[in-house]
1. Take Pro303 and decide whether it is part of a loop (DSSP other than H, G, I, E, B) and in contact with a Ser or Thr (Cβ under 9 Å, 6 or more places away or on another chain).
2. With the structure loaded, tell me whether Val149 is part of a strand (DSSP E or B), over 22 Å from Arg207 (Cβ atoms) and at pLDDT 95 or above or whether it fails that test.
3. Where residues in segment 159-178 are in a strand (DSSP E or B) and surrounded by 23 or more Cβ atoms within 10 Å (Cβ to Cβ), which of them is farthest from the chain's Cα centre (by Cα)?
4. Please determine whether any residue of segment 261-269 is in contact with a His (Cβ under 8 Å, 6 or more places away or on another chain), modelled with pLDDT of 95 or more and hydroxyl-bearing (Ser, Thr, Tyr).
5. Would you please list the contacts, defined by Cβ atoms under 6 Å and residues six or more apart or on different chains, that run from a residue in segment 53-73 that is farther than 14 Å from Leu88 by Cα and modelled with pLDDT under 95 to a residue that is small (Gly, Ala, Ser) and surrounded by fewer than 17 Cβ atoms within 10 Å (Cβ to Cβ)?
6. Sort out which residues of segment 90-110 are in contact (Cβ under 8 Å) with a residue 12 or more places away in the chain, surrounded by fewer than 16 Cβ atoms within 10 Å (Cβ to Cβ) and among the polar types (S, T, N, Q), and write them in order of number.
7. For segment 145-158, state whether one or more residues are touching a helix residue (DSSP H, G or I) at 6+ places or on another chain (Cβ under 6 Å), surrounded by fewer than 23 Cβ atoms within 10 Å (Cβ to Cβ) and more than 22 Å from Val256 (Cβ to Cβ).
Amino acid sequence: MDSTKANFLFWALVTFSSLNYVHCQGKIFSVANYGAIADGKTDTTQALLKSWKGACATKGGTVSVPEGTHSVGDITFEGPCNGETHFLLEGTLVASKSHSSNQDCWIAFHNIDGFLLYGNGTFNGQGESSWGRHGHGPAVKSSRRKTSVKLRIYNGVIRNIHSIDSEMFHFHVHDSDNLLFQNIHITAPGDSPNTDGIHIGNSNNVRIEKASIATGDDCVSIGSGNTNISVSGVVCGPGHGISIGSLGKYENEKDVSGIIVRDCTFRDTDNGVRIKTWAPSKSAASLSDVRFINIRVENTKNPILIDQYYCSNSPCKHSGESSIKIKDVKFIGVKGKSASEVGVNVQCSNSHPCEDIEFRGLDLTMAGSGAPTTALCSNADGVFLGPRQVPSKCSRDSIFNF
């Protein structure tokens with residue numbers, strides 16, 4: 001069986017299984033039966049752990065968090081379990097600052113094969129006090145801020161869940177395989193630092209469908225070691241857009257390939273679709289087989305950006321070139337209003353030029369004036385295909401084999 005048919009059958013089975021389960025639940029382990037009180041003050045951590053222990057030991061068991069506000073300290077829901085395990089979140093889990101540990105996340109779902117998280121409930125990371133904004137004290141170093149929900153899952157679905165005000169990433173997917181996010185809602189203030197909506201690293205076959213993400217950083221960030229990642233139907237803004245990278249910051253990073261971002265909308269974001277790598281790079285990984293299709297931008301500063309001289313601090317001093325090889329990247333049907341004159345900005349590595357970059361069906365005009373945007377390109381081998389594109393070519397004094 002080829003990979004396309006195998007993936008189709010997998011997602012068909014996942015969707016059928018999760019929908020069927022909602023109507024035919026197994027044994028329920030409610031936190032209320034283990035002493036949880038939904039008053040927003042009483043610690044629910046131990047009640048959750050006891051509920052998880054029961055559900056994990058039972059094939060088809062479900063942890064149930066009813067409506068109300070539950071205070072929770074740092075917690076890990078550990079697998080492997082005895083079968084598919086489910087987590088029904090109907091209430092709100094609020095991060096307790098009095099029960100903080102040294103782990104890098106608030107809530108972890110770890111090493112679980114067959115998992116469903118659903119129920120229209122909310123994770124509230126209470127991150128505001130760590131951001132250093134609006135008189136709430138100095139910012140906590142990013143290395144000490146916590147991801148709200150960290151996931152190491154095989155064959156799972158996250159559906160209809162809300163996440164607000166994470167200290168750092170809202171969801172961090174790592175070393176996972178076959179995971180679907182569907183109808184997710186993520187919010188944090190536009191000036192909250194490093195509050196990426198969904199960050200993915202070293203994972204395979206991850207899909208994000210129909211998400212609303214408004215944060216202070218990337219709505220979706222795709223790091224190193226990822227293959228077969230699909231992002232569709234995301235409404236992003238405010239935030240930094242949807243990014244592949246940054247790549248090359250660490251040693252021994254793995255290649256990235258098979259990325260599709262399609263049918264997404266960006267409103268008042270710093271970037272639309274972006275690729276970013278460090279210069280110099282500590283690794284020599286590659287990025288290939290990338291498609292950005294049917295993208296809509298509304299007042300977006302950088303609708304299309306390839307930045308191989310990325311750095312997170314300004315001003316930056318680059319003492320070398322990026323070693324990340326970028327090839328076979330296509331931007332198809334990117335349209336809308338740019339907040340800047342440059343609608344396409346491709347700045348590739350001098351030592352590892354980008355290859356096979358394609359632009360087709362672009363229609364990017366400036367917000368307000370409606371004037372056509374321009375394209376700036378360097379160290380790239382690419383082509384603009386099709387008639388009446390805006391922009392239709394790279395600036396003459398900055399092209400490299402376009």
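1. Criteria not met by Pro303.
2. Working: part of a strand (DSSP E or B): yes; over 22 Å from Arg207 (Cβ atoms): no; at pLDDT 95 or above: yes.
Criteria not met by Val149.
3. Among them, the one singled out is Ser163.
4. As a first pass, look at segment 261-269 and keep what is in contact with a His (Cβ under 8 Å, 6 or more places away or on another chain): 269.
When the remaining residues are screened for being modelled with pLDDT of 95 or more, the result is 269.
Applying the additional criterion that residues be hydroxyl-bearing (Ser, Thr, Tyr) yields 269.
Yes, that holds for at least one residue.
5. Lys59/Gly83
6. Answer for segment 90-110, where residues must be in contact (Cβ under 8 Å) with a residue 12 or more places away in the chain, surrounded by fewer than 16 Cβ atoms within 10 Å (Cβ to Cβ) and among the polar types (S, T, N, Q): Ser98, Ser100, Ser101, Gln103.
7. yes
Every residue, every condition in (1) over 21 Å from the mean Cα position of the chain (by Cα); (2) farther than 21 Å from Arg262 by Cβ; (3) at pLDDT 95 or above, yes or no:
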residue: Arg291; (1), (2), (3): no, no, yes
residue: Thr300; (1), (2), (3): no, no, yes
residue: Asp328; (1), (2), (3): yes, no, yes
residue: Gly336; (1), (2), (3): yes, no, yes
residue: Cys348; (1), (2), (3): yes, yes, yes
residue: Phe359; (1), (2), (3): yes, no, yes
residue: Ala367; (1), (2), (3): yes, yes, yes
residue: Gly382; (1), (2), (3): yes, no, no
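The values are calculated or read from the model by the stated rules, or taken from the named source; none is laboratory data. In this text the structure is predicted, and so the values were computed from the model without any measurement. Note that each Cβ is placed from the backbone with ideal geometry, even for glycine, and that neighbours are counted across all protein chains shown.
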